[in-house]
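Asker: Before I ask anything, let me first share the structure, which is written out below as structure tokens.
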Amino acid sequence: MKSVRDPTHLCRLVLAAGTLVHQSGGDTARTAKIMSRTARALGADTVHTIVSSLNLGVTVELNGRQRTVFHKAPHMGVNFRTLTGVGRAVNALEACRIGPGAFESLLDDLRSRPNYYPRWLTALTVGLACGGFAALFGGDLAAVLVTLLGSGIGSWVRLWMAARHYKPFIFATVTAAIAALVVGLLAKQFSYTPEPAIAASVLFLIPGVPLINAMADMLSGNYLNGGVRLTMSAVIIAGIGVGVSLALRVVH
């Protein structure tokens, strides 16, 4: 496999791989490891990485020349398809099955097509999941059905707002209010167990991956990034609380 001769180009490829992982739900250790593996697979003699909550940086030495490049990389959400795709691309690069050009093309493809499933299908599956939770919480059939509908609508709104880069507190508040309002109004009319329906309608907003990554960062010594992720999770949970509270005031 031909290695990259230009250290600046190598840094850009490393940051491209790291950014995809960072913005798709990877924790700090995973992002740094992907960047280091990419740099060494591309021929770097030494590599040093910096991963913060909003920025990535890499310093590489290649053929006696050293380059340092930084890149802004704010969090974008969770996308396991992208995480898996970047990991497979790096594995293929290390095994010499692809070269730098093909590796760059794979990263461009993952960046340009981040969503594998259409929005309506994602909303439907989220609604089914939340409806299942309503059943587990003791809701009757009507509660399950209205939870499916309200959570599906809320999930569609969340995806729409996330695509337009709304802040976490805003999309959590608006989405929780819409989902809980739809479920509350319908459950009040058709269900004998509205409480499980309302409780289950906003479960899809719980920031599970950020909380897991926050604990992973804390346990691996990345306290600053772990603290940022915990704060972001707390903001989302606060938004859920505000949205549900507003909806409950409307439906009494």
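Asker: What does the charge dipole of segment 59-119 about its Cα centre add up to, to the nearest 20 debye, if the Cβ of each Lys and Arg holds +1 and the Cβ of each Asp and Glu holds -1?
Answerer: Its charge dipole is roughly 200 debye.
Asker: Normalised by the number of residues in the chain, what is the relative contact order in percent for Cα pairs under 8 Å and 6+ residues apart?
Answerer: In percent, rounded to a whole number, it is 17.
Asker: Identify, among V14, H75, M161, the residue whose Cα sits farthest towards the positive end of the charge dipole of the chain, taking +1 on the Cβ of Lys and Arg and -1 on the Cβ of Asp and Glu, with the dipole about the Cα centre.
Answerer: Of the listed residues, the answer is V14.
Asker: With charges set only on the Cβ (+1 for Lys and Arg, -1 for Asp and Glu), what does the dipole of the chain come to about its Cα centre, in debye to the nearest 20?
Answerer: 520 debye
Asker: Work out the FRET efficiency for K188 and A234 from their Cβ-Cβ distance, taking R0 = 22 Å, and round it to the nearest 0.05.
Answerer: Step by step, r from the Cβ atoms, then E = 0.10.
Asker: Also: Mind checking segment 1-60 for trypsin sites (Lys or Arg not before Pro) that DSSP puts in a loop (not H, G, I, E or B) and that have at most 10 other Cβ atoms within 10 Å?
Answerer: Here the trypsin sites (Lys or Arg not before Pro) that fit, given the DSSP loop and packing criteria, are K2.
Asker: Hand me the trypsin sites (Lys or Arg not before Pro) from segment 119-228 located in a DSSP loop with no more than 10 other Cβ atoms within 10 Å, in residue order please.
Answerer: Answer by residue number: R164.
Asker: Now for a different question. Would you please state which residues of segment 68-84 a label at L121 would reach in this model, taking the label point 7 Å out along Cα→Cβ and a backbone N cut-off of under 17 Å?
Answerer: Correct set: 79-82.
Asker: Can you tell me how much longer the chain between R111 and A163 gets when fully stretched, taken as 0.36 nm per residue apart minus their C-alpha distance, in nm with one decimal?
Answerer: Full extension from R111 to A163 adds 17.4 nm.
Asker: Over segment 52-196, with the other protein chains present, what is the accessible area per residue in square angstrom, probe 1.4 angstrom?
Answerer: 55 Å²
Asker: Translational diffusion coefficient, Stokes-Einstein: compute it for the chain using the Kirkwood radius over C-alpha pairs as Rh, at 20 °C and 1.002 mPa s, and state it as an integer in µm² s⁻¹.
Answerer: D = 108 µm²/s.
Asker: Moving on. Let me know the longest stretch in the chain that avoids all chymotrypsin sites (Phe, Trp or Tyr not before Pro) found in a DSSP loop with at most 14 other C-beta atoms within 10 Å.
Answerer: Formally, the longest exposed-site-free interval is 1-115.
The values are calculated or read from the model by the stated rules, or taken from the named source; none is laboratory data. Here the structure is a predicted model, which means the values were calculated and not measured. Here the Cβ is made from the backbone with ideal geometry for all residues, glycine too, and neighbour counts use every protein chain on show. Please note that ligands, DNA and RNA were not included when accessible areas were found on the heavy atoms of the full protein model with its side chains. Shrake-Rupley method; radii C 1.70, N 1.55, O 1.52, S 1.80 Å.
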